[in-house]
Amino acid sequence: MFISISTTGTAERPATDLGYLLHKHPGKVQRFATSHGEAHVFYPEATDAVCTAALLLDIDPVALVRRGMGKGRGGSPDFALAQYVNDRPYAASSLLAVALRTVFRTAMKGVCENRPGLADETRPLRIVLPAVPANGSGEGGGAAMVARLFEPLGWQVEAAPVPLDETFPEWGESRYLRVGLAGTLRLADALQQLYVLLPVLDGAKHYWVAPDEVDKLLAAGEGWLADHPERALIAGRYLARRWSLTRRAMQRLELARLAEADDREAEEFDNAVDDSGETAYATGPALTGPAGQPAVAGATSGSVPGPDAAAAKPPSLAEQRRAAILDALREVGAARVADLGCGQGELIAALLKDARITEVLGVDVSSRALSTAARKLRLDRMSERQAARVGLVQGALTYTDARLKGYDAAVLSEVIEHLDLPRLPALEQAVLGVARPSAVVVTTPNAEYNVRWESLPAGHVRHADHRFEWDRAQFRAWAERAAAAHGYTVVIRPVGPQDPEVGAPTQLALFRLGTPATAGTAPAPAGVSAAASAVTAAGATNSDVTNSDATTPEGGDTR
């Protein structure tokens, strides 16, 4: 098994700097022990103009067999057929990838203590691999796969089939390729890419793929894998088609891509699930209503639960909110619904109970929220027919997304208040302007009702992650402006117990594409505050949006 790495240089920037980068002296032949044989590093040429480093991996086939290759899960298919007659000692595979990491570990980290700054420089590189398996398995193998994997990274690719026997050309070509790669990049990046993509091309690994392989993949793919157009193929083949691991890797890659695009940390996006299990609002005492009585969603201002309150407990505010959303969706006749900012899937569960809903798409930026939703919905235990009705995908709602087009209705339940105000127009454009469902249902807290929560300090919002909370006039002003800007009409409705002074705890807007406004709109309060006007004038910036509500002072602000 052989690989060579070459570079060119000048007298001022000699090619022999390659020796510093690889931490291997060009004047020496060095030998390293690996778990499956010996690796030899040498330099066929080393001048200021051209320098080539070669790694020869001498595999011990008997050692491979003794380690149980091909037996049980994760074994190479070649070994399953023939333990002693196979291509493992010769074809570039995960064995070579592991050898690269073993021999050039410091170079892969981009460290060069003897020449500070040298590892950060890009330089012309040429890599030659005499025998590379490119097994398709229905995924389009061969030279085309090599190009799909390496060309998006800036490499010029040469991939020619190796004949079965040059003496007998009529026998045709083998399934192996002679691959040449040429590009200008950091050596560390080139080695990391080879470490990931060699096993991907081979399509088999010489060891059992454990969950920690996801961390290895993401560490080696940092800076390039998240934006690679074939990242799904790479993750699936690198992780030996273990779909649970592949799904986990893809979620983390999507999170990294969104974070990088918005110049934020990935942890800031993945905040929809509170691992501690505590309430999101944890700064005040236990929630109480007026006159120190327990707050019961569904009780009007000043009411005191009677002795039979526990036996006849009214529906929580969250349940009333979901019922109002379902009523709005029935009103518009929606069959295909997108739950945007779906959180842990409470609304999805309610939608699936309605036989008139034929398809539900749950979207959230948080991979943890989606995993929790999948578990709570028991997707793995659903019948095939039921599972075909629901999908969960990761995405940020302030980015246009083709997957959201074509739905009868979209729901943004307790979502908009989790955005910074200047980012709200980006969500409007992505949902109302580009996805353009026939109807959109938006719910958000009514800030005026906050005075009815005695445990909520004055001036505080109901949830620690809420960036704003609007009164009725502000919400109406935003909804009417957004509807007019994108060709919708809108009606505003209260949700929850009505208070004669401050209204209902939740407010709902039903947007309908090109449909005249109908009855049911609450009277518009006089005057619109400056905050609503600021939303109208604010510019859009890309960000994430997720429903991160857990249990809140509303008495159940969950999906």
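The values are calculated or read from the model by the stated rules, or taken from the named source; none is laboratory data. Fair warning: this is a prediction, and the values are worked out from it, not measured in the lab. All Cβ positions, glycine included, derive from the backbone under ideal geometry; neighbour counts span all protein chains shown. Just the protein is used for accessible areas: all its heavy atoms, side chains included, with ligands, DNA and RNA removed. Shrake-Rupley method; radii C 1.70, N 1.55, O 1.52, S 1.80 Å.
Exactly one residue among Ser371, Ser383 is over 24 Å from Phe468 (Cα atoms), touching a helix residue (DSSP H, G or I) at 6+ places or on another chain (Cβ under 9 Å) and open to solvent by 20 Å² or more (accessible area, probe 1.4 Å), and that residue is Ser371. For the stretch 418-446, what are the residues that are polar (S, T, N, Q) and either open to solvent by 10 Å² or more (accessible area, probe 1.4 Å) or out of contact with any Leu (no Cβ under 6 Å at 6 or more places or on another chain) (or both)? Result: Gln429, Ser438, Thr444, Asn446. Taken across the stretch 226-245, residues that are under 26 Å from Pro89 (Cβ atoms), of a type in the set (Asp, Glu), more than 12 Å from the chain's Cα centre (by Cα) and at pLDDT 85 or above do not occur at all.
Close contacts from the stretch 204-225, counting a first residue that is modelled with pLDDT under 85 and a second that is open to solvent by 30 Å² or more (accessible area, probe 1.4 Å) and assigned to a helix (DSSP H, G or I), with Cβ to Cβ under 7 Å and a gap of 6+ residues or different chains, come to Ala204/Pro77.
The set of residues in the stretch 422-476 that are within 23 Å of Val502 (Cβ to Cβ), within 27 Å of the chain's Cα centre (by Cα) and of a type outside the set (D, E, K, R) comprises Val441, Val442, Thr443, Thr444, His463, Ala464, His466, Phe468. Beta carbons closer than 8 Å, at least 6 apart along the sequence or on distinct chains, pair a first residue in the stretch 100-114 that is open to solvent by 60 Å² or more (accessible area, probe 1.4 Å) with a second that is of a type in the set (Phe, Trp, Tyr) for Arg101/Tyr195; Thr102/Phe32; Asn114/Tyr20. Contact map, the stretch 422-434: first residue under 15 Å from Ala338 (Cα atoms), second residue at pLDDT below 90 and open to solvent by less than 10 Å² (accessible area, probe 1.4 Å), Cβ cut-off under 8 Å, separation 6 or more or different chains; pairs are Leu427/Leu397; Leu427/Thr398; Leu427/Leu419; Leu427/Val545; Ala430/Leu397; Ala430/Thr398; Val431/Leu397. Can you find even one residue in the stretch 410-417 that is among the β-branched types (Val, Ile, Thr), part of a helix (DSSP H, G or I) and open to solvent by less than 10 Å² (accessible area, probe 1.4 Å)? Looking for residues that are among the β-branched types (Val, Ile, Thr), part of a helix (DSSP H, G or I) and open to solvent by less than 10 Å² (accessible area, probe 1.4 Å), one finds at least one in the stretch 410-417, hence yes.
When the residues of the stretch 129-176 are narrowed to those that are hydrophobic (A, V, I, L, M, F, W, C) and open to solvent by less than 20 Å² (accessible area, probe 1.4 Å), which ends up nearest to Gly19 (Cα to Cα)? Steps first, please.
Taking the stretch 129-176 and keeping what is hydrophobic (A, V, I, L, M, F, W, C), we get 129, 131-132, 134, 143-147, 149-150, 153, 155, 157, 159-160, 162, 164, 168, 171.
When the remaining residues are screened for being open to solvent by less than 20 Å² (accessible area, probe 1.4 Å), the result is 129, 132, 134, 145-146, 149-150, 155.
On the way: Leu129: 20, Val132: 25, Ala134: 30, Met145: 31, Val146: 28, Leu149: 28, Phe150: 25, Trp155: 22 Å.
Looking at the filtered set, the residue picked out is Leu129.
Taking the criterion of being assigned to a strand (DSSP E or B), aromatic (Phe, Trp, Tyr) and modelled with pLDDT under 95, the only residue of the stretch 462-506 that qualifies is Trp470. Scanning the stretch 5-25 for residues that are open to solvent by less than 40 Å² (accessible area, probe 1.4 Å), within 28 Å of Ser94 (Cβ to Cβ) and either modelled with pLDDT under 95 or of a type outside the set (Gly, Ala, Ser) (or both) turns up Ile5, Thr7, Leu18, Gly19, Leu21, Leu22, Lys24.
For beta carbons closer than 8 Å, sequence separation of 6+ or different chains, a first residue in the stretch 1-27 that is without any contact (Cβ under 8 Å) to a residue 24 or more places away in the chain and a second that is part of a strand (DSSP E or B), the qualifying pairs are Gly27/Tyr43; Gly27/Ala46.
The set of residues from the stretch 211-241 being among the hydrophobic types (A, V, I, L, M, F, W, C) and open to solvent by 10 Å² or more (accessible area, probe 1.4 Å) comprises Leu218, Ala219, Trp224, Ala226, Ala232, Leu233, Ala240. Scanning for something at pLDDT below 95, under 21 Å from the mean Cα position of the chain (by Cα) and assigned to a loop (DSSP other than H, G, I, E, B), does the stretch 383-393 turn up at least one residue? Looking for residues that are at pLDDT below 95, under 21 Å from the mean Cα position of the chain (by Cα) and assigned to a loop (DSSP other than H, G, I, E, B), one finds none in the stretch 383-393, hence no. Only one of the listed residues (Gln83, Gln30) is among the polar types (S, T, N, Q), closer than 28 Å to Gly203 by Cα and either modelled with pLDDT under 90 or surrounded by fewer than 21 Cβ atoms within 10 Å (Cβ to Cβ) (or both). That residue is Gln83.
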